[in-house]
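A.B. asks: Here it is, the structure in full.
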Amino acid sequence: MKVLISAAGSTLGRVLADGLTEQHQVVLADSSTGLGHDSSTNDLVRGVDAVVHSVANDKEANASHRLDTAMRRTYNLLWAAAEERVPRVVLLSSLSLFGKYDEGRAVTETWRPMPTTDTEVLSHHLAEFVCREFAREGRTRVVCLRLGDLVSDSNESGSTSALYASDAVQAVGRAIVFDLPIGRTTGVHQPWTVFHVQSDVPNARFLTGNAQEALGFVPAKRS
């Protein structure tokens, strides 16, 4: 498959580019500078089978720039993807949207996000809003992965929401190709699907049962 990865210069983008290249033809883009509302974005997505989009850009950029990426550039990308009939967009969001909940609670995809005004958290929340509305209007199908805290496979961070690099690659790889669920009342593929994704770490904060059952995500066992 031909897969476009945005935010190619971010740590997450580089991890995915390296991990997905063996199975897919990967195209890289920089969502912090490109993705204008013009033909160049259409040219970028034309002919791709899936778009993997993240707003995990340069954390040194000012808040206005990062929020612009989360909203306007995400809108432009989704608009172009819909016009070019890209069958699937995978949005990489964050489990930080649930950071305000008590750590003892078993948070699932049915819980309501509680974003803070932190720029990174708010960026993920706004990107979800844009993608969800596109999907609900039937313009394209979006799989939203809310990811844990990305760490390298050799890093024992101690985070209860850690996501090891290899598990991130596996989850995104599955999101690109898995069979979308069928709506119970519509009989067609659901346009908006959300999964929580983190690694199998001690005292894991978030439940990943839905991702394991429907997406086929199997976090590696680590001692």
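A.B. asks: Can you give the angle from 0 to 90° between the axis of helix 119-136 and the longest principal axis of the chain, with both taken from C-alpha atoms, to the nearest 10?
C.D. replies: 60 degrees
A.B. asks: Compute, for the chain, the length of the dipole vector about the Cα centre, with Cβ point charges of +1 (Lys, Arg) and -1 (Asp, Glu) only. Units Debye, rounded to 20.
C.D. replies: Dipole size: approximately 540 debye.
A.B. asks: Determine the distance separating the Cα centre of the range 20-96 from the Cα centre of the range 132-209; give it in Å without decimals.
C.D. replies: 17 Å
A.B. asks: Here's something else I'd like to know. With +1 on the Cβ of every Lys and Arg and -1 on the Cβ of every Asp and Glu, and nothing else charged, how large is the dipole of the range 105-155 about its Cα centre, in debye rounded to the nearest 20?
C.D. replies: The calculated dipole for the range 105-155 is roughly 320 debye.
A.B. asks: With n ≥ 4 as the cut-off for DSSP H runs, can you work out [θ] at 222 nm for the chain, using -39500 (n - 2.57) per run divided by the number of residues, rounded to the nearest 500?
C.D. replies: -8500 deg cm²/dmol
A.B. asks: In degrees between 0 and 90, to the nearest 10, how far off the longest principal axis of the chain does helix 11-20 point, with axes built from Cα atoms?
C.D. replies: Between helix and principal axis, roughly 80 degrees.
A.B. asks: Now for a separate question. When the scattering of the chain is computed by the Debye formula from its Cα atoms alone, each counted once and equally, what is log10 I(q)/I(0) at q = 0.09, 0.10, 0.15 Å⁻¹?
C.D. replies: With one equal scatterer per Cα and no solvent, log10 I(q)/I(0) is -0.33, -0.41, -0.97.
A.B. asks: Which residues' amide hydrogens lie under 5 Å from the amide hydrogen of residue 164, considering only partners 5 or more residues apart or on another chain, with H built in the peptide plane?
C.D. replies: 151, 199
All of the numbers you see were taken from the coordinates with simple rules; none came from a lab. Being a predicted model, the structure only gives us computed values, none of them experimental. Reconstructed Cβ throughout: ideal geometry from the backbone, glycine too, with neighbour counts over all protein chains shown.
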